[in-house]
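The structure under discussion appears below in the form of structure tokens.
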Amino acid sequence: MAFLNALFTAALDNNLVFAQVIGMVSVVVAAGRPQASLRFGAMVCGAVAVSGALGWPIYTLVMRPWGIEYLAPLAYVLVSWVAVVAIATALGAKKPVAEREHLLSLCPIAACNACVLAVPLGNAALADTMGWDAALGSSLGAGLGVFLAIVLFASVYQRIDQRLVPRSLRGLPIMLVTASLMALAFTGVAGIAGGLFA
């Protein structure tokens, strides 16, 4: 029950992109290439989930007993980097060279963004009160929430007809207006998902 509660709360109620306004870089990058948003979203989702899931035991079993909690961000960057490179390599296995190079060029953005999303740091902060199942649910839910945000925003932004948008709002301004409206939509379901399994 703690796993499902943490999963849905992190994915919908506390969506990192639209509820906490963290990680908008990935949303803006994916909006430029909507056809690649699924792969990029999968890379960020995997990096967030793996770094969060591995961050909790690394913090509780290694860093806290040894008194090196201050090295946690560095460890999470390394863990998310390995996860992103592995996922990008798997996704681009049978793709053309140019597409593989594009995927691997997105790795630094995805890895840094996954660490900046601070899922492992949030899990580490709650290590005293959170069990492994809740930490895993929170990590997977945060990754799923970021994936939903990237894919939904890219598909909505692709459907906006730029010719109908006033010249002063084209580009980044209409992106920010769209993001704020999607944040309002996510706020509308806040409290529902987390309460299902309480």
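The values are calculated or read from the model by the stated rules, or taken from the named source; none is laboratory data. Everything quoted here is computed from the prediction, not taken from an experiment. Ideal geometry is used to build each Cβ from the backbone, glycine not excepted, and the neighbour counts take in all protein chains shown. All accessible areas refer to the heavy atoms of the entire protein, side chains included, with ligands and DNA or RNA removed. Shrake-Rupley method; radii C 1.70, N 1.55, O 1.52, S 1.80 Å.
Can you tell me which of (1) under 14 Å from the mean Cα position of the chain (by Cα); (2) farther than 30 Å from residue 4 by Cβ is the one residue 174 doesn't meet?
The failed condition is (1).
Of all residues in the range 166-187, count the ones that are open to solvent by less than 70 Å² (accessible area, probe 1.4 Å) and under 23 Å from residue 10 (Cα atoms).
Result for the range 166-187: 7.
Kindly list, by first and then second residue, each pair from a residue in the range 1-25 that is within 11 Å of residue 144 (Cα to Cα) to a residue that is at pLDDT 75 or above and open to solvent by 50 Å² or more (accessible area, probe 1.4 Å), limited to pairs with Cβ atoms under 6 Å and residues at least 6 apart or on different chains.
Once the first residue is within 11 Å of residue 144 (Cα to Cα) and sits in the range 1-25, its partners that are at pLDDT 75 or above and open to solvent by 50 Å² or more (accessible area, probe 1.4 Å) give 7/140; 11/144.
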